[in-house]
1. Rounded to the nearest 500, what is the chain's calculated 222 nm mean residue ellipticity when only DSSP H runs of at least 4 contribute -39500 (n - 2.57) each, over all residues?
2. Calculate, for the stretch 49-100, the solvent-accessible area per residue in square angstrom, rolling a 1.4 angstrom probe over the heavy atoms of the protein chains.
3. Where the accessible area of the chain is counted over protein heavy atoms with a 1.4 Å probe, how much of it, in %, is carbon and sulfur?
4. What Rg and what Dmax come out for the stretch 47-100 when only alpha-carbon atoms are used, in angstroms?
5. Round to the nearest 10 and report in Å² the accessible area of Arg54, as given by a 1.4 Å probe over the protein chains' heavy atoms.
6. Using only the alpha-carbon atoms of the stretch 1-65 as identical scatterers, what base-10 log of I(q)/I(0) does the Debye formula give at q = 0.22, 0.28 Å⁻¹?
7. Any idea what the relative contact order of the chain is, in percent, if you count C-alpha pairs under 8 Å spaced at least 6 apart?
Amino acid sequence: MTPGELAELKSFLSGYFHQDWEMEASDPDEVVSQFLRSKPGLNHTGQIVGQIDRYLGSKEDDAAIERCLLDELGCYYLPSVEGTSARNWLRHVAVLLSKK
């Protein structure tokens, strides 16, 4: 996938799951809640969810997805620290965003 195809996802993850995200939220779900409280439009959240789906479809290996969270998407949260695969965490984020 090209960087442009992931622009909204990268902006969301790098902007909200930055190096100091743990100073601003108690857990990853709270970070997503903070994003939703910023009142993003339905189109914007829909684009992020769509990009999560396409991103996961382009990766087969869960370890590669987690490495790419930081390398490709600028996300400083590592789901494996909490015993969750990166694939499952991104799916969970998509569900939270879809509930808006």
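The values are calculated or read from the model by the stated rules, or taken from the named source; none is laboratory data. No experiment lies behind these values; they were computed from the predicted model shown. Heads up: the accessible areas ignore ligands, DNA and RNA and are worked out on the full protein's heavy atoms, side chains in. Shrake-Rupley method; radii C 1.70, N 1.55, O 1.52, S 1.80 Å.
1. On the way: 6 runs with 63 residues, N = 100.
After summing the helix terms and dividing by the residues of the chain, the value is -19000 deg cm²/dmol.
2. Result: 53 Å² per residue.
3. Working: 2720 of 5620 Å².
Of all accessible area on the chain, carbon and sulfur atoms account for 48 percent.
4. Rg then Dmax for the stretch 47-100, in Å: 10.6, 29.
5. Per-residue accessible area (Arg54): approximately 130 Å².
6. Here the Debye-derived log intensity ratios amount to -1.03, -1.23.
7. Relative contact order for the chain comes out at 39 percent.
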